[in-house]
Each structure stands twice: as C-alpha cells, then as structure tokens.
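Enquirer: The structure under discussion is supplied below as structure tokens; questions concerning it will follow.
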Amino acid sequence: MRVVVLGAGFGGLELTTRLSERLGGDVDVVLVDQADSFMFGFSKLDVIFGRAEPERARHPYTALVKPGVEFVKATVTEIDPAAKVVSTSAGEFGADMIVVALGADLDPGATPGLLEGGHDFYSAEAAPALRRVLANFEGGHVVVAVTSTPFKCPPAPSEAALLVHDFLTSRGLRARSEISLVMPLPAPIPPSPAASEALLAAFEDRRISWHPGTKVRELDPVRRVAVFADGSEMAYDLFLGVPEHRVPTVVEASGMTVDGWVPVNPLTLETSYPGVYAVGDVTSVGTPKAGVFAESQAGVVADRIAAVVRGEAPTAEYDGLGMCYLEFGHEEVARVTVRFMSGQAPTGTYEAPSTALARDKKEFASTRTRRWFGYDPELSL
Ligand SMILES: Cc1cc2nc3c(=O)[nH]c(=O)nc-3n(C[C@H](O)[C@H](O)[C@H](O)COP(=O)(O)OP(=O)(O)OC[C@H]3O[C@@H](n4cnc5c(N)ncnc54)[C@H](O)[C@@H]3O)c2cc1C
C-alpha cells in the first residue's frame, strides 16, 4: 500500500506523523514538498517584528525521520486523480491513495502596484526583507490591508496591526505615526463576535483606525496611495498587504477544483475521486484557512487510511473544531475556539489576552516541532 502525500505543511506533516505512528513500516508513505524547510505561519510575524531570527524559525525537512515515511524534495507538476499518479520534478509516483495538502498560493501580482509599492507580509520569503524595511522605517502612515477573501488565518491582519503599534512604540515612533487596518470583512473575526469586540476595543485603545468592508483595488506606487473598490483613496508611507490567495496551479490543472478550491466530503475529507483526499487551505471544506484546521483534518484522514490498511471500516469523522491563538501585542495572547458545522452558524468560546496564553502558544509550536521533526526547538536550533 502506497500513500502519496503532496505538501509538507501543517496538514502533510501531521498526516505523515500520524500514519507513521499508526502503521510504522506497514505502509509506504511518500511525502513530497518543493521547499527544504517548514515555517509556522505565525513565525512570519515573529521574523518581521524582530521577535525571532529567520534561520531559527525554519524547520528543515532533513530532520524528518519516521518509520515508513520517505520525504522527497520535488515540485509536483501534475496530479492525475483518476489514475492516482503524481508527476514531480523527481519522477512519477503511482499511489493507492493520494492526499493533497498543497495549501494556498499567494499571488501579489494580482493586485496592481502591490509588488512595486507595498509589501506582502504573508510569505516566508518576504519576511526577512520586510524586517529590514521596518528597521529603517522612520514613522508615518502604516496601512495593513487585506486585498481579497478567502485568506489564511483571519486574525493575522489584526495581529499585524497590533504588533506594528508595539514596534513603533518601542522605537519611539508611535507619536508621529498612524496605523490603519483595512479589511473586506465586516468584523475582525466574523465567526467570533467576542474576539472581534475585544479586538475593536484594542484598536480604539491603541488609536488604530479600522476600515471594515473595504477592498483594495490597486496601489499607486508613485503617489503612494491605496485605491479602494469604491474609488476612494488612502495615502500611505508603508503598506503591508495580504495578497490574493489561489489554489496552486498544479491543483487547478488537475481538474479537482470547483470555484477555485477543492471540494471534499466535510466528514471524511475525501474528494470526488475515491481514495483521493484533500486537507487544509487547498479545500473549500468551510473552515477558515488555518493550520489548526489543516492539522485536525489530516488526523482524520490518517485514521481513515490506517483503518483501510488494517482491513477495518474507517470510522473517524471531521468535527470542524479549531482553536486559534491571537497576538494582542504587549506580550499577551488570547485564544478563540470555534466549531464549524456545515449548514450551521459557527459556535465558539473566547479567552481574553494573558501572558499564560502566550506561554501556551509557545508550547503549541514546541509540541508540533517535537512531534513532526523529532527535536526540541529550544535545544536543537
Ligand atoms: C502571517 C500568518 C500567520 C498565521 N498564523 C496562524 C496561526 O496562528 N494559527 C494557525 O492555525 N494558522 C496560522 N496561519 C495559517 C497557516 O500557516 C496555514 O493555514 C497552514 O499552513 C495551512 O496548512 P496546509 O497544510 O493546508 O498548507 P501549507 O502549510 O501552506 O503547506 C503547503 C505545502 O505545499 C507545498 N507546495 C505547494 N505547491 C507545491 C508544489 N507544486 N510542489 C511541491 N510542494 C508544493 C508548500 O511548499 C508547502 O510546504 C498563519 C498564516 C500566516 C501567513
């Protein structure tokens, strides 16, 4: 039995770890990724704001040593979900089961002027450069803006605005600066009214101006203005943008997408092709695009595959539950837990910011690093 897992992000890492735990060498797992290391989404903010060194935030795939799992560094160039064959820059892989965990690609070029006049703060590649830009920033109007929906980690733009406030304050630049947060959504985190309310209070407290329901159409890099969908404009000195998200080209070409993303059975995560699953940001399963959701979906798929390999009927089902940490600045972190069930309004709880939750968030990252890569991040990097 061979399982080919495409993408070694939150979903692919959890999936292969769980399969190895459940089945060891009884299954042949091939994990393919074009990158040579993994970085947690939230570590990008740590790098940008100087809270972590770029090299310490990266976890090399060479550390991935698990019974039954082979890591292949290669670009996936074609997926044939009917024949269950995957072509890569390192050759072709036939499979009994395929799991697509290729995430969402960022397309900064889709917003005219963003590459020339602004900064993408969502990609791992852009983070070290943006850190240098911030280090040389002398104050002015900082605009944090989301260009389109859906986007990964809905709390991240709010976190970025709060961290910009802390950063400018610590540099003595806050008094001569303005911060604006521009989002197409009506609330900072629509599925969690309590978290949204707390964020709005924090914005008011820190004089961050909040612009909901506003879509960025383009940037004019010469005049340094952002142009919104209704034609109105906002001048900026530093523009931090969340670029448009799209399914990776190879997934689109596979014919598995509907309206831009891969539809799956919300309980089993199986696509319309038997034996082909999809987890995480690449899907349209109905949960936000966030690592915690990708991880729990991967757990369900791993349990279902393990049952099939053992000749049992798979029973694991996805419960739509996810928990997100939320950076509030001032070294405090809040926590939101939300359950998304298809056809029902999301329900959840909100825990106010504290330093205890900031410690929990660190432990969240450490347990994943230990579990997926087998080393203690505090000791080994
Ligand atoms: C600033 C920021 C903060 C965030 N904070 C949080 C947070 O606090 N909590 C949280 O849960 N989530 C957070 N996220 C979101 C989280 O990072 C993603 O939702 C999560 O990584 C999605 O997991 P995934 O497995 O679906 O995809 P990914 O983790 O993106 O993995 C996809 C993998 O596929 C590989 N790949 C893509 N195309 C190809 C190809 N053609 N060939 C080979 N390999 C390919 C990529 O290299 C990548 O390793 C944050 C994101 C950002 C940007």
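Enquirer: Listed here are the pairs Lys73/Lys362; Lys44/Lys84; Lys289/Lys361; which of them are more than 25 Å apart at the Cα?
Expert: Numbers: Lys73/Lys362 28 Å; Lys44/Lys84 34 Å; Lys289/Lys361 18 Å.
Cα-Cα > 25 Å for Lys73/Lys362; Lys44/Lys84; rest within.
Enquirer: Here's something else I'd like to know. What's the FRET efficiency of Met341 with Glu138 using the Cβ-Cβ distance as r and R₀ = 41 Å, to the nearest 0.05?
Expert: Numbers: r = 49 Å, r/R0 = 1.19.
About 0.25, to the nearest 0.05.
Enquirer: Quick one: what does P(r) look like for the chain with 20 Å bins over all Cα pairs, in whole %?
Expert: Pairs per bin, as whole percents: 28, 58, 14, 0.
Enquirer: Which value, to two decimals, describes the C-alpha radius of gyration of the stretch 239-381 once divided by 2.2 N^0.38 Å?
Expert: Working: Rg = 17.6 Å, N = 143, 2.2 N^0.38 = 14.5 Å.
Relative to the 2.2 N^0.38 Å estimate, the stretch 239-381 comes out at 1.21.
Enquirer: Please arrange Ser89, Ser177 by accessible surface area, largest first, computed with a 1.4 Å probe and ligands excluded.
Expert: Working: Ser89 85, Ser177 10 Å².
Largest to smallest exposure gives the sequence Ser89, Ser177.
Enquirer: Separate question: If I histogram all Cα-Cα distances within the stretch 96-212 using bins 10 Å wide from 0, what percent of pairs lands in each bin?
Expert: Percent of Cα pairs in each bin: 12, 40, 34, 11, 3, 1, 0.
Enquirer: Can you give the accessible area of Ile189, probe radius 1.4 Å, in Å² rounded to 10?
Expert: 10
Enquirer: Still on this structure, please answer the following. At 1.002 mPa s and 20 °C, plugging the Kirkwood radius over alpha-carbon pairs of the stretch 293-348 into Stokes-Einstein gives what diffusion coefficient in µm²/s?
Expert: Details: Rh = 13.4 Å.
Estimated diffusion coefficient is 160 µm²/s.
Enquirer: Over its Cα atoms, what ratio of radius of gyration to 2.2 N^0.38 Å does the stretch 172-305 give? Write down the numbers at each step before the final one.
Expert: Working: Rg = 19.5 Å, N = 134, 2.2 N^0.38 = 14.1 Å.
With N residues counted in the stretch 172-305, Rg over 2.2 N^0.38 Å equals 1.38.
Enquirer: Here's a follow-up. Given contacts defined as C-alpha pairs under 8 Å and at least six residues apart, what's the relative contact order of the chain, whole-number percent? Please report the intermediate quantities before stating the final value.
Expert: Details: 806 pairs, mean separation 72.7, N = 381.
19 percent.
Enquirer: Let me ask something additional. Using θ = phi - 60° and the Karplus relation 6.51 cos²θ - 1.76 cosθ + 1.60, list the HN-Hα couplings for the stretch 267-276 in order, rounded to whole Hz, with x at every Gly or Pro.
Expert: 9, 10, 6, 7, 7, 6, 9, x, x, 10
Enquirer: Let me ask something else about it. Please give me, ordered by residue number, the trypsin sites (Lys or Arg not before Pro) of the stretch 58-161 that lie in loop per DSSP and have at most 10 other Cβ atoms within 10 Å. Each step should come with its number before you reach the end.
Expert: On the way: sites: Arg58, Lys73, Lys84, Arg131, Arg132, Lys152; in loops: Arg58, Lys84.
In loop regions of the stretch 58-161 (DSSP not H, G, I, E or B), there are no sparsely surrounded trypsin sites (Lys or Arg not before Pro).
Enquirer: Rounded to the nearest percent, how much of the accessible area of the stretch 1-148 (1.4 Å probe, protein heavy atoms only) is carbon and sulfur?
Expert: On the way: 2660 of 5690 Å².
Here carbon and sulfur together make up 47 percent of the probe-accessible area.
Enquirer: Report relative contact order for the stretch 153-200 in percent, whole number only (criteria: Cα-Cα under 8 Å, sequence separation at least 6).
Expert: Numbers: 25 pairs, mean separation 17.4, N = 48.
With pairs under 8 Å counted, the relative contact order is 36 percent.
Enquirer: To test your reading of the geometry: what angle, between 0 and 90 degrees and rounded to tens, separates the Cα axis of helix 291-309 from the longest principal axis of the chain?
Expert: Relative to the chain, helix 291-309 is tipped by roughly 0 degrees.
Enquirer: Rounding to the nearest 10 and keeping the result within 0 to 90°, find how far the Cα-based axis of helix 10-23 lies from the longest principal axis of the chain.
Expert: Roughly 30 degrees between the two axes.
Enquirer: For the stretch 28-140, what is the Kirkwood hydrodynamic radius in Å, using each pair of distinct C-alpha atoms?
Expert: On the way: mean 1/r = 0.0598 Å⁻¹.
That comes to 16.7 Å for the stretch 28-140.
Enquirer: Tell me what the chain gives for mean residue ellipticity at 222 nm when only DSSP H runs of n ≥ 4 count, each as -39,500 (n - 2.57), the sum divided by the residue total, rounded to 500 deg cm²/dmol. Walk me through the intermediate numbers first.
Expert: Values: 10 runs with 110 residues, N = 381.
For the chain, the value works out to -8500 deg cm²/dmol.
Enquirer: As an exercise, identify the GluC sites (Glu not before Pro) in the stretch 121-192 lying in DSSP coil whose Cβ has no more than 15 other Cβ atoms within 10 Å. Intermediate values should be presented prior to the final figure.
Expert: Numbers: sites: Glu125, Glu138, Glu159, Glu178; in loops: Glu125, Glu138.
When the GluC sites (Glu not before Pro) of the stretch 121-192 are filtered for loop state and at most 15 Cβ neighbours within 10 Å, Glu125, Glu138 remain.
Enquirer: Whole Å is fine, so just give me how far the alpha carbon centre of the stretch 153-183 lies from that of the stretch 256-317.
Expert: Here the two parts' Cα centres lie 36 Å apart.
Enquirer: Need one number: nm distance between label points at Ala175 and Asp237, each 7 Å from Cα along Cα→Cβ, rounded to one decimal.
Expert: Placing both labels 7 Å along Cα→Cβ, they lie 1.4 nm apart.
The values are calculated or read from the model by the stated rules, or taken from the named source; none is laboratory data. Remember, it's a predicted structure, so these values are computed and weren't measured experimentally. All Cβ positions, glycine included, derive from the backbone under ideal geometry; neighbour counts span all protein chains shown. In case anyone asks, the SASA skips ligands and DNA or RNA and just uses the protein heavy atoms, side chains included. Shrake-Rupley method; radii C 1.70, N 1.55, O 1.52, S 1.80 Å.
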